[in-house]
1. Calculated FRET efficiency, LYS41 and ARG353, Cβ-Cβ r, R0 51 Å, to nearest 0.05?
2. List the relative contact order of segment 156-288 as a percent without decimals, with contacts defined as Cα pairs under 8 Å and 6+ residues apart.
3. Would you work out the relative contact order for the chain, in percent, from Cα pairs under 8 angstrom that are 6 or more residues apart?
4. How far, in nm, would the chain grow between LEU100 and THR430 when pulled straight, counting 0.36 nm per residue and subtracting the alpha carbon separation?
5. Per 0.36 nm of contour for each residue apart, how much would the distance between LYS451 and ASP109 grow if the chain were fully extended, relative to their Cα-Cα spacing?
6. Calculate, for the chain, the solvent-accessible area per residue in square angstrom, rolling a 1.4 angstrom probe over the heavy atoms of the protein chains.
7. 7 Å from Cα along Cα→Cβ at both GLU398 and ASP342: what's the point-to-point distance in nm?
8. What order do LYS311, LYS288, LYS240, LYS451 take when sorted by accessible area (1.4 Å probe), most exposed first?
Amino acid sequence: MENRREFIKKVSAGVAAMAIGGTGFDLSAKSYAHIPGANDKIRVGIVGFSDRFRSSLLPSFMNHARELNFELVALSDIWNRRREEGRAYIKEKTGWDVALCRNNEELYDRNDIDAVIISTADFQHALHLVEAAKARKDAYCEKPFAETMDDANAALKACKESGIVVQIGSQRRSGANYHAAHDYIQSGKFGDIVIAEMCWNVNQPGRWRRPDLCASIRESDVDWNRYLMNRPKVAWDPRKYLEYRLFWPYSSGIPGQWMCHQIDTVHWFTGFPYPRSVVSNGGIYQWKDGRTNADTLTSVFDYGPLDDQEKGFQVVYSSRFSNSAGGTKELYYSNGGMLNLDTNEITPEGGLREREASAMGLKANLLDKFTLPSVTVEAEANTGGDPLTSAHMRNWMECVRAKNVGTNCPVEAGHSHTIACAMANAAYRTGMRAVYDPATQQIMAGGKVFKY
């Protein structure tokens, strides 16, 4: 395990790479002919030419492709427009002329792909990861890992059996500030966590909407049955294809898109793989446009040892689309103070003072101010090749080259954030307290297994 100084050096190198040539995109296939060991290229296929891939994953990949000798060679997308746009865009930005595949069967039948980058619809990530595992292709898989436990369980099993290198796209796990926070909490200096407060607030009526594309796309342009995969067969609906984040069971919305990032840090910092219980409340209070996923949601999690209910802490997560006040926050509290991942500081704010504790015969956990490395988390829809995503992509690429499955965010971490987010979603949709049954690997709400 590398120490924090070595990790920060790698992150800094990634940031510096982005600064070269502005976006780091000005690479051409021709330049690769002069790289030592060019025959040892790692050839990567793209599963889904999404907005996320275009705006963030491609620039992050290109920040490191030349140094690590990676190349994009093929693109799979079930929408003809995206295929053609993808080839043209990649040719413009990289000089590579990628082959086009109408689906993943065609992609894997090429048999010249070493790894894939998966950035498809939320509910498809785990299912496409199963395909990659069966084809023995290493994978960078966007979050959320899955939206249902059946899909999460299948992907976990397939990846473990295949031994492929997997990086789940929870890029906070590649942030120097998050590594420093993890190490500080694990050292015991922070004391026991008593509560964590997290929020993700925006005021964006168009977030996840694609009205122009919905008006222009036709069913004949896509393979609708392939899109639905294991979801119930329904009639063609361009909104469920292009605005899927607004509709269950294609996405849980807030839990799958945003909560999964922040709740993942709880699991990482504490070692608890999932919450003991979750309750949720919310609704569609502002944007009544036919969506079925909440535009406002609050979930309260109980974490702690499963065999000791007297120990533990609470996590309060809230998110709204109607007012951006508060922005994105991650605050951890102990009896001694606060860890603020917005300012990257650990302070004694709100902590019990030694004199007050002594008066009651108690011992205070006193905190001195400690500054974490500074890394900014992007909350906009298109983050660009931001430092966290760039460092996360590099970590995956290095592990693929070394055949080291110990990525910063392995498949087990994705499975854990799926449990927490699925519990929050189940609690919201049923109005009941949700728990996880490790024996069946299912979410239970009101004594029943929650699926759709």
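1. The value I calculate is 0.25.
2. Worked out over segment 156-288, it gives 28 percent.
3. Taking the mean separation of contacting Cα pairs over the length of the chain, I get 20 percent.
4. Between LEU100 and THR430, full extension yields an extra 114.5 nm.
5. Gain in length upon complete extension: 119.9 nm.
6. Value for the chain: 42 Å² per residue.
7. 3.1 nm
8. Largest accessible area first, the residues go LYS288, LYS311, LYS451, LYS240.
The values are calculated or read from the model by the stated rules, or taken from the named source; none is laboratory data. Small disclaimer: the values here were computed from a predicted structure and weren't measured. Please note: Cβ atoms are built from the backbone with ideal geometry, for glycine as well, and neighbour counts cover all protein chains shown. For the accessible areas, the whole protein counts, side chains as well, though only heavy atoms, and no ligand, DNA or RNA atoms are used. Shrake-Rupley method; radii C 1.70, N 1.55, O 1.52, S 1.80 Å.
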